[in-house]
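Contents: one structure, followed by commentary.
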Amino acid sequence: MPSKDSQADQAQQGDWLTSAQGARLVDTDHSLKAGPRGPVLLQDHHLREKITHFDHERIPERVVHARGAAAHGTFVSYGTASNVTKAEFLRKGVETPVFTRFSSVVGSRGSADAVRDTRGFSTKFYTSDGVFDLVGNNIPVFFIQDAVKFPDVVHAAKPQPDREIPQAQSAHDTFWDFVSLHTEATHHTMWQMSDRGIPRSFRTMEGFGIHTFRVENSDGDTSLVKFHWKPTAGVHSLVWEEAQMVNGIDPDFHRRDLADAIEAGAFPEWELGIQVFPDTPEETFEGIDLLDPTKLVPEELVAVQPIGKLTLNRNPSNYFAETEQVAFHPGHLVPGIDVTNDPLLQGRLFSYLDTQISRLGGPNFSQIPINRPHCPVNDLFRDGMHQTAVHTGVAPYKPNTLDGGNPFTADPDDDHTFVEIAQELPKSVKERRSPVSFDDHFTQARMFWLSLTPVEQSHLVDAFTFELGKCWDETIRQREVDVLAAVDAELAQRVASGLGLSPGRPNTPPADDVAASPALSQIGEKWPVDGRRVGIVTGPKTDPKHVVTARDFLVEAGMVPITIAPVGGRVGDVPVERTYLTAASSELDALLLLDGVDADPVVGLLLSEAWRHLKFIAVAGGADALLEEYGVPASDPGIFTGAQVKSLLTKLRTGLEEHRAWSRADS
Ligand code: HDE
């Protein structure tokens, strides 16, 4: 992260327009020509310099996770992890600057935000002992168990190679061809087809390090841990129809939400937590292989212990310099945290360094301001493309006497020195094979299914039915239904009936002794309502006093009122934020319809969409007739009618603690 006042980091200085060499320019609107009608002269250095730079403005986008948004922030440690790790930034009260980037996986850099996909959740901690990157996802398990399969899964998920469609979607033949043949993907696929695949915002996503890491405390004791991010705003997703609408109405939905929240001072927060397991030679816990990244450990078995809080409080000043050029790497570790032999993680340790070299144009990407460690670096690396450091000394090698022996190697017993944790290896042979414990591909997929509430299960069934419905090859559809039959007979039957297929016959019948893990459901808890957006729909005859009452109530409750009126301007003193032309239900969490609203197709659309998407709707005196007119049953759960604006809003606020009127789905 650049220091605010460092001259070297400021690309734009001074008041004059200059050439790249600093010469002041008088004109940048006309090429140098032989007379006003040309021709243009080859001598025009400014023209060539300006256009040459422009021609090279783009860099290769990330192979995966190309579409993303990021923010700066701080991480404050509670100190509760110090019993298991000596990591300095996890000592009590230590505050560490961070940069967090969220991303979708499959789409290209310009793709829409609200697609069905896994989301990346990467945090760079600029600790005093070096950079620590936690490069995780919003889903706790992965598609594959071995890094060597990554090109296969990505090739299958990316747009098909002949026409390069569809963009940013898994709903196509190659994806389902691969995952139906490659059953270790089943658990991850279940998560991606669940509501987790379409988050409401980055602010309401959980994050997971997925792999198991090995940590070491100051006494040299080691433990195995899994990292979790828990959003304080609660976990929340879109519903599918809403997601599809959002992609048309506002393709930058997630990016905008993150930046707007930070700009408004509603800083997104997550607690970092760890599950801690004993570091046994088997590296398993209660029969779960901790090196298998397609498995999770239920929180009911091992609770997530909070160890610190992340607050994102500053938007990047420049997207390219920061968000695009940030380079994460799971091998950026600090003393006290080390990797395990998870074969997926081991492959990542190679990949992330390699990819930056072609993406960022050479080996010096850690000198880019956003990637620079916030502690002294003396690595003896020299030269190379885009070298920006002016190294001094004559002896960039070790050992040396000419530079007085500098730099010196650190004391291995010092807690601030990075030493790989010594690990005894079992007697083994060199072979291309996975452990037998990696063979079970269905038990945890079944646990996930059994852990969802009925409405979440219905969403998952609909998602599978939608995605497979977009596959042209019937053998692929049938094969995936057969895979689902190994997870759960009812699931397979429901998806099959939507596709007009027969419920599959599983090779492996679903296990009957699988316990649910309620923590995997996103429904059932109550969350703060801060930042929830309530549309105040007004009409030509609305009493402005009611608008003021509603706005003040919502602001007081920490929510965001959005005043909607037939045309722009003001209702009384309150500025209109959306007209009937620009209003969209997808950017609202709830609707308040005030008195004096006339029947109008836009009002009808807002009401019917909010109703279908299980949003809370409050209708103040006089406007009730509109519910009937637009087919919204006034007796449905989460629909409130009455004369008093304040009491309606009180009900709305209580409802919003659960995010959506879930019981409407069953009514
Ligand atoms: Fe990545 N992944 N990945 N990945 N990944 C990249 O690195 C890769 C995997 C994840 O915001 C790339 O800098 C391989 C698991 C995130 O900049 C690349 C394998 C998880 C991001 C790469 C995996 C992730 C990436 C592309 C199989 C969750 C975005 C650009 C062994 C724990 C980081 C880049 C950002 C990015 C390779 C598997 C998460 C190509 C080979 C598992 C969040 O290096």
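The values are calculated or read from the model by the stated rules, or taken from the named source; none is laboratory data. Remember, predicted model here, so these are calculated numbers, not experimental data. When we count neighbours, we look across all protein chains shown, and the Cβ atoms used for this are built from the backbone with ideal geometry, even at glycine.
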Taking first residues from segment 1-20 that are under 20 Å from F99 (Cα atoms) and second residues anywhere that are at pLDDT below 85 and of a type in the set (S, T, Y), the pairs with Cβ under 7 Å that are 6 or more apart or on different chains are D9/S3
Is one or more of the residues making up segment 446-460 surrounded by 12 or more Cβ atoms within 10 Å (Cβ to Cβ), out of contact with any strand residue (DSSP E or B) (no Cβ under 9 Å at 6 or more places or on another chain), among the hydrophobic types (A, V, I, L, M, F, W, C) and under 27 Å from D133 (Cβ atoms)? no
Evaluate the following for L312: is it over 23 Å from H187 (Cα atoms), within 16 Å of the ligand (Cβ to nearest atom), surrounded by 22 or more Cβ atoms within 10 Å (Cβ to Cβ) and in contact (Cβ under 8 Å) with a residue 12 or more places away in the chain? yes
Whichever residue in segment 542-555 is under 25 Å from L614 (Cβ atoms) and in contact (Cβ under 8 Å) with a residue 24 or more places away in the chain and, among such residues, is surrounded by the most Cβ atoms within 10 Å (Cβ to Cβ): A550
Restricting attention to segment 595-630, report how many residues are of a type outside the set (V, I, T) and either within 21 Å of W240 (Cα to Cα) or in the same structural domain as L238 (by the TED database) (or both). 13
Looking at this structure, is Y126 within 16 Å of the ligand (Cβ to nearest atom), in contact with a Pro (Cβ under 7 Å, 6 or more places away or on another chain) and among the hydroxyl-bearing types (S, T, Y)? yes
Residue tally, condition surrounded by fewer than 20 Cβ atoms within 10 Å (Cβ to Cβ), assigned to a helix (DSSP H, G or I) and of a type outside the set (D, E), over segment 154-177: 3
For segment 422-440, does any single residue satisfy the condition of being among the β-branched types (V, I, T) and in contact (Cβ under 8 Å) with a residue 60 or more places away in the chain? no
Residue hits (segment 317-361; within 22 Å of A185 (Cβ to Cβ), more than 7 Å from the ligand (Cβ to nearest atom), touching a helix residue (DSSP H, G or I) at 6+ places or on another chain (Cβ under 7 Å) and in a helix (DSSP H, G or I)) are P343, Q346
List every residue pair whose Cβ atoms lie under 6 Å apart, where the two residues are 6 or more positions apart in sequence or sit on different chains, the first residue falls within segment 126-143 and is under 17 Å from A71 (Cβ atoms) and of a type in the set (S, T, Y), and the second residue, located anywhere, is at pLDDT below 95 and assigned to a loop (DSSP other than H, G, I, E, B). none
So which residues in segment 286-304 are of a type outside the set (V, I, T) and within 16 Å of the ligand (Cβ to nearest atom), if there are any at all? D289, L290, L291, D292, P293, K295, L296
Residues satisfying the stated conditions in segment 260-279, i.e. within 10 Å of N313 (Cα to Cα) and in contact with a Pro (Cβ under 9 Å, 6 or more places away or on another chain): A261, I262, P268, E269
Does P281 fit the bill of being part of a strand (DSSP E or B) and either within 16 Å of the ligand (Cβ to nearest atom) or surrounded by fewer than 20 Cβ atoms within 10 Å (Cβ to Cβ) (or both)? no
Answer yes or no as to whether T280 is at pLDDT 95 or above, farther than 26 Å from G234 by Cβ and under 24 Å from the mean Cα position of the chain (by Cα). no
Selected residue [surrounded by 13 or more Cβ atoms within 10 Å (Cβ to Cβ), modelled with pLDDT of 95 or more and not assigned by the TED database to the domain that holds H613] from A516, A590: A516
Residue satisfying condition, being closer than 21 Å to V632 by Cβ and surrounded by fewer than 17 Cβ atoms within 10 Å (Cβ to Cβ), within set G604, G558, G572, G539: G604
So I59 ticks every box in (1) among the aliphatic types (A, V, I, L, M); (2) part of a loop (DSSP other than H, G, I, E, B); (3) away from the ligand (no atom under 16 Å from the Cβ) but one. Which box is left unticked? (3)
Taking the condition of being within 27 Å of D414 (Cβ to Cβ) and among the hydroxyl-bearing types (S, T, Y), how many residues in segment 325-370 meet it? 2
Of the residues in segment 534-575, those that are basic (K, R) and at pLDDT below 95 come to K541
Can you pull out the residues in segment 385-417 that are farther than 30 Å from S82 by Cα and either among the β-branched types (V, I, T) or in the same structural domain as N217 (by the TED database) (or both)? T388, V390, T392, V394, T401
Please count how many residues of segment 142-153 are near the ligand (Cβ under 9 Å from one of its atoms) and either surrounded by fewer than 23 Cβ atoms within 10 Å (Cβ to Cβ) or in a helix (DSSP H, G or I) (or both). 8
Subset of segment 313-351 [closer than 30 Å to E282 by Cβ, in contact with a strand residue (DSSP E or B) (Cβ under 8 Å, 6 or more places away or on another chain) and either among the hydroxyl-bearing types (S, T, Y) or outside the structural domain of F277 (by the TED database) (or both)]: T340
Quick check on segment 203-221: of everything there that is in contact with a Gly (Cβ under 8 Å, 6 or more places away or on another chain) and assigned to a strand (DSSP E or B), which residue is farthest from the ligand (Cβ to nearest atom)? E216
Please find, among R200, R196, the residue that is away from the ligand (no atom under 16 Å from the Cβ) and either buried (at least 20 other Cβ atoms within 10 Å of the Cβ) or farther than 27 Å from L349 by Cα (or both). R200
Within segment 74-92, is even one residue in the same structural domain as V215 (by the TED database) and within 16 Å of the ligand (Cβ to nearest atom)? no
Contact list please: Cβ distance under 8 Å, first residue in segment 348-371 and more than 18 Å from F125 (Cβ to Cβ), second residue basic (K, R) and assigned to a loop (DSSP other than H, G, I, E, B), pairs at least six apart or on different chains. T355/R62; R359/R62
